[in-house]
């Protein structure tokens, strides 16, 4: 459980650093995550969201699955989880991430930025929809453009390109 929380904290920091870099104009077309197969597990899906609403896009062919999240849903009992002076450590965490010192950044987040009863978000639900064309396609490709915040799935079906964004 503690390892999952550590990983979640680190992933959140990396996502924030990526968003800051994109706003600063440091992203280039090379900043695209791409895969030649759909996600099977939640951890393989592509994250989308605005900080309050989120989704994990699996990019499946015959039946797409999008795991939805909303920031007020969490695991655990209702309680105040505030941590005073969290803002004092944000710059240090960013500096550690930029320097590639992820273990130290993770430790700093755990020690100084998470509350005693830190709780993790839970899934709102899964949006699933079936495609009439079924599972058989060729030239499958899914991607997440970090600079433009666009998730895309492309494939070929009966000599026609199928594209979802």
message: All but one of (1) surrounded by 13 or more Cβ atoms within 10 Å (Cβ to Cβ); (2) within 14 Å of the chain's Cα centre (by Cα); (3) at pLDDT below 60 hold for residue 7; state the number of the condition that does not hold.
response: (1)
message: Could you go through the range 62-77 and let me know if any residue there is modelled with pLDDT of 85 or more and under 20 Å from residue 32 (Cα atoms).
response: yes
field: Only one of 160, 120 that is loosely packed, with under 15 Cβ neighbours inside 10 Å, modelled with pLDDT under 80 and in contact with a helix residue (DSSP H, G or I) (Cβ under 9 Å, 6 or more places away or on another chain)
entry: 120
Hits in the range 26-39 - residues which are surrounded by 11 or more Cβ atoms within 10 Å (Cβ to Cβ) and either modelled with pLDDT of 90 or more or farther than 17 Å from residue 153 by Cα (or both): 26, 27, 32, 33, 34, 35, 37, 38, 39
message: For a quick check of your reading of the model, give me the residue pairs whose first member lies in the range 35-64 and is closer than 21 Å to residue 132 by Cβ, whose second is part of a helix (DSSP H, G or I), with beta-carbon atoms closer than 8 Å and at least 6 apart or on different chains.
response: 58/44
- prompt: Which of the following residues is at pLDDT 60 or above and surrounded by 11 or more Cβ atoms within 10 Å (Cβ to Cβ): 15, 92, 21, 99?
  reply: 92
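The values are calculated or read from the model by the stated rules, or taken from the named source; none is laboratory data. Everything quoted here is computed from the prediction, not taken from an experiment. Because the Cβ atoms are built from the backbone with ideal geometry, glycine has one as well, and the counts that use them run over all protein chains shown.
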